[in-house]
Amino acid sequence: VVKNLTAALLYKISDIVTEQKKAAKHSNTDIIRKFELLIDKHFTEEHQLDLYSDKLHISPNYLNSLCNKTLGISAKQLINKRLSIEAKRLLKHSSLNINDISDYLNFNSSSYFIRFFKKMENITPQHFKVQ
């Protein structure tokens, strides 16, 4: 009887642990999705991870860990990727010059924007624009 009760208890514990893992995985996906939505909303004003982690009520390190685990890239890389996509869109489909795009995306200077773009895309914004 004790053996059967112990086995039943172990099966129940196993079920509980499995359900908790599923819930945690779902929760992590929700946090990542909220983070992506926040990036879409605030990427032009804020490039630092702290704002996003504060709004999600988690630490920057935990957010970074979730992104690495779930997406395979860091949280900062996700922000930079969104900035790069918007910069490319503006370069190709607007009449804005590089200084205006730099200002719109809230970079400290045009030269910093150019360095950022070149690092992300391996090409200068000017060359990208004329391609």
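How big, in percent, is the set of alpha carbon pairs in the chain lying more than 22 Å apart?
More than 22 Å apart: 51 percent of the Cα pairs in the chain.
Full-extension gain between I58 and D40, please, as 0.36 nm times their residue separation minus the C-alpha to C-alpha distance.
Length gained between I58 and D40: 4.6 nm.
How long, wide and thick is region 82-131, going by the Cα atoms along their three principal axes, in whole angstroms, largest first?
Over region 82-131, Cα extents along the principal axes are 26, 22, 18 Å.
Identify the GluC sites (Glu not before Pro) of region 33-63 meeting these criteria: DSSP loop state and at most 11 other C-beta atoms within 10 Å of the C-beta.
Answer in residue order: E45.
Mind checking the per residue accessible area of region 43-131 for me, 1.4 Å probe, whole number of Å²?
Ligands and nucleic acids excluded, the figure is 60 Å² per residue.
Whole Å is fine, so just give me how far the alpha carbon centre of region 1-77 lies from that of region 83-117.
For region 1-77 versus region 83-117, the Cα centre distance is 32 Å.
For S94, project a label point 7 Å along Cα to C-beta. Then give me every residue of region 23-63 with its amide nitrogen under 17 Å of that point.
Of the residues in region 23-63, 40-47 have backbone N under 17 Å from the label point off S94.
Determine the alpha carbon to alpha carbon distance for each of K92/K118; K41/K118; K41/K119; K81/K119; K76/K119 and list only those over 21 Å.
Violating the 21 Å Cα-Cα cut-off are K41/K118; K41/K119.
The values are calculated or read from the model by the stated rules, or taken from the named source; none is laboratory data. Everything numeric here is computed off the predicted structure, so don't read it as measured data. A quick note on method: Cβ atoms are made from the backbone with ideal geometry, for glycine too, and the neighbour counts reach across all protein chains shown. Just the protein is used for accessible areas: all its heavy atoms, side chains included, with ligands, DNA and RNA removed. Shrake-Rupley method; radii C 1.70, N 1.55, O 1.52, S 1.80 Å.
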